[in-house]
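The values are calculated or read from the model by the stated rules, or taken from the named source; none is laboratory data. Keep in mind the model is a prediction, meaning the values are calculated, not measured. Because the Cβ atoms are built from the backbone with ideal geometry, glycine has one as well, and the counts that use them run over all protein chains shown. All accessible areas refer to the heavy atoms of the entire protein, side chains included, with ligands and DNA or RNA removed. Shrake-Rupley method; radii C 1.70, N 1.55, O 1.52, S 1.80 Å.
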Amino acid sequence: MKVLVSDSLSPQGMEILQGAKGIEVEVKTGLSPEQLQTIIGEYHGLVVRSATTVTADSIEAAHNLKLIGRAGVGVDNIDVEAATKKGIVVMNTPGGNSMAAAEHTIALILAIARNIPQAVASMREKRWEKKRFMGMEVFGKTLGVVGLGNIGIIVAERGLGLKMKIIAHDPYISPDLATQKGIELVPLDELFTRSDIITIHVPKTKETENLIDTKAISKMKDGVMLINCARGGIVDEEALAEACRSGKVRAAAVDVFAQEPTPSNNPLLEVENIACTPHLGASTSEAQENVAIAIAQQMVAYLTEGTIRNAVNVPSVDAQVLTTLGPYLNLGQKMGGFFAQTCPFPLKNLIIEYQGEVTKYNVAPISSTILVGILSSYMEGELVNEVNAPFIAKERGINVRESKITEEADFTSLITLRAKAAGESHTVAGTLFGKKEPRLVVVNEYLIEAVPEGNILFVENLDKPGVIGNIGKTLAEKNINIGNMHCGRDEMAGKSVNIFNLDTIPSADIMEKLAHLPNVNSVRLIQL
Ligand code: NAD
Ligand code: MLT
């Protein structure tokens, strides 16, 4: 496996990558998106920080790429949607640099409250302007934290330590968590109107782009202070520059910019009461060591064992969970394959039901492998994996509904797939025997006990004497051995299904002959 490190990574992370068996590491920094696109095809893994931009074009050209690892939090320099579509895992290292970014935020709050950047610059020019730099205490002031995740919460806690009143806006966290920490959760507009200092700690998303624009600033207190250590583009740079010039905003601090490195004509660089730092939030040796070690370990774990940690586009499955879920993942993929090859198309609404012991686990990875099994049955040549399967299913108009059933089943665990297609209902259920061995136990109205493996001959027939004998004879004539055979019958209707595990694949001629045997309704070859 070849891994490209395209931004500088701390030596501790490099050591882990270089020491991993079967992984060859190359370092090429300073690549433009076009240069990356030219060379990415030969790599299986890519490690970036924030300087590399991974575009949809690079991802298109990344024929061998399995994983993009971001040493840091923000993944806005990676086209995650394109990666997901291509089945590439994208992971980051949440938490590794949170302390650094939070401390930088606090440093900037205190710095701009006391005019430190301007005072330092004035002293350097050998001036003594004591009266000019009258500051403001943060004690007793209201700090509004937008986004109460890893960094926001540390900033809030430090703010409490500085005896500030903390209010926060984050629609995605539980109000109890905030209350326990002594933080009042408020709507965004209320945060704007009540805060003396506002600090931003949300990811850059469609929802947060230009969250702080002229309109938002107009709702804020006169003389508010504003800090953005999250991402460029969340605060409208022109609007902030203008508000600082007019005095509406007393002072601002900005660590992140819409374009990085910042072009020299960026309006924020011109205004005296704005302190800018060149994306220094995570620039501590501790944070760089943390994120480099974390991403290197995560990359090695995925490339060598398939365990997924901190992925942003696929559910995480660590080594321990993989051991427990492994047999279910195998069962799910086989069931998906069997389902797709026996179900009438087009498949529109798929219901995946989980019952019994399996409901104790996070079943999302199992659902993904079921979809892999279904989609790879008819998408030959295209890579379908657990990363892109939910995406491809959606794109193909397959609605997937997942449910956990609390009632006890006849089996320790039972997974049932149901769909209605071409006016017919189709059901396949499976379980694990002895905790590991996959078995199909229901196909439509038939109870069976079949091994979903290899080449399967699936026969629907009338429940009459001689059918199985004729099938066995036809196969034997062509020297095709039956490894296993399972029968399920519907006594009321006098019909049955027979599932044969064959050692070799019957030719089209034999399939034709089987289909025309007396009392045989249909014959299908299923390959799992
Ligand atoms: P996180 O995912 O732990 O927290 C983000 C929080 O924002 C979450 O709690 C989420 O619920 C909340 N959120 C999402 N959308 C929201 C919205 N519309 N309104 C309010 N809240 C919303 O992320 P984090 O590690 O705390 O990072 C926060 C930001 O800081 C990110 O943008 C990240 O890229 C950036 N960051 C910058 C630096 C730096 O060097 N300056 C370093 C690390 C992280
Ligand atoms: C992050 O998202 O982790 C930070 O912005 C720091 C960095 O860019 O590495």
Two decimals is fine: what is log10 I(q)/I(0) at q = 0.12 Å⁻¹ for segment 221-285, from a Debye sum with one equal scatterer on every Cα and no solvent?
-0.27
Isotropic mean projected area of the C-alpha convex hull, segment 454-528 (nm²)
4.4 nm²
Give, in nm to one decimal, the length gained when the segment between Asn521 and Ile39 is fully stretched (0.36 nm per residue of separation minus the Cα-Cα distance).
168.1 nm
Within segment 99-184, list the chymotrypsin sites (Phe, Trp or Tyr not before Pro) lying in a DSSP loop whose Cβ has at most 10 other Cβ atoms in a 10 Å radius.
Trp128, Phe139, Tyr172
Ranking request for peptides 271-282, 341-352: highest mean number of other beta-carbon atoms within 10 Å first, then the rest in descending order.
271-282, 341-352
Starting at 0 and stepping by 10 Å, how many percent of the alpha carbon pairs of segment 380-489 end up in each bin?
10, 30, 35, 20, 5
What's the center-to-center distance, using Cα atoms, between segment 462-512 and segment 122-149 in Å?
83 Å
So how do 402-409, 83-90, 292-299 stack up, highest first, on mean other-Cβ count within 10 Å?
292-299, 83-90, 402-409
FRET E, pair Ile405, Leu462, Förster distance 45 Å, beta-carbon r, rounded to 0.05:
0.85
Longest principal axis of the chain (C-alpha) makes with the long axis of helix 150-161 (C-alpha) an angle, in degrees to the nearest 10, of 40 degrees
Limiting things to C-alpha atoms, what are the Rg and the maximum Cα-Cα separation (Dmax) for segment 66-196, in angstroms?
19.2, 61
Probe radius 1.4 Å, ligands and nucleic acids ignored: give me the carbon and sulfur share of the accessible area of the chain as a rounded percent.
51 percent
Straight-distance crosslink candidates among aspartates and glutamates, where the alpha carbon sits under 20 Å from Lys21 and sequence neighbours closer than 8 are dropped
Glu42, Glu305, Asp318
Between the modelled labels at Ile505 and Met134 (7 Å from Cα along Cα→Cβ) the distance in nm is 8.6 nm
Give the Rg/Rh ratio for the chain, taking Rg as the radius of gyration of the Cα atoms and Rh as the Kirkwood radius, to two decimals.
1.12
Among residues other than Phe345 whose Cβ falls under 14 Å from its Cβ, what is the net charge (Lys/Arg +1, Asp/Glu -1)?
+3
Using only Cα atoms and rounding to the nearest 10 degrees, what angle (0 to 90) does helix 467-477 make with the longest principal axis of the chain?
90 degrees
So how tilted is helix 237-246 from the main axis of the chain? Cα-based, degrees 0 to 90, rounded to 10.
20 degrees
Percent antiparallel among DSSP beta bridges (both partners in segment 98-276, rounded to 5):
0 percent
Please compute the length gained on full extension between Ala121 and Leu177, using 0.36 nm multiplied by the number of residues separating them and subtracting their Cα-Cα distance.
16.0 nm
Compute the label zone of Asp213 within segment 262-306: residues whose backbone N is under 19 Å from the point 7 Å along Cα-to-Cβ.
267-268
Taking the simple approach of a point 7 Å from Cα along Cα-to-Cβ for both Leu110 and Leu160, what is their distance in nm?
1.9 nm
Taking the solvent-accessible surface of protein heavy atoms with a 1.4 Å probe, what is the per residue accessible area of the chain in Å²?
47 Å²
Measuring from its Cα centre, the chain shows a charge dipole (+1 at each Lys and Arg Cβ, -1 at each Asp and Glu Cβ) which, in debye to the nearest 20, is 1000 debye
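With only alpha-carbon atoms in the gyration tensor, what are the semi-axes of the equivalent ellipsoid for segment 98-276, in Å, largest first?
Square roots of five times the eigenvalues give 26, 19, 15 Å.
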For a protection proxy built on the mean count of beta-carbon atoms within 10 angstrom, sort 512-519, 2-9 highest first, please.
2-9, 512-519
Any GluC sites (Glu not before Pro) in segment 101-190 that lie in a DSSP loop and have at most 14 other Cβ atoms within 10 Å would be Glu125, Glu129, Glu137
Tally of Lys pairs whose C-alpha atoms are under 13 Å apart, taken over segment 98-276, 8 or more apart or cross-chain
7
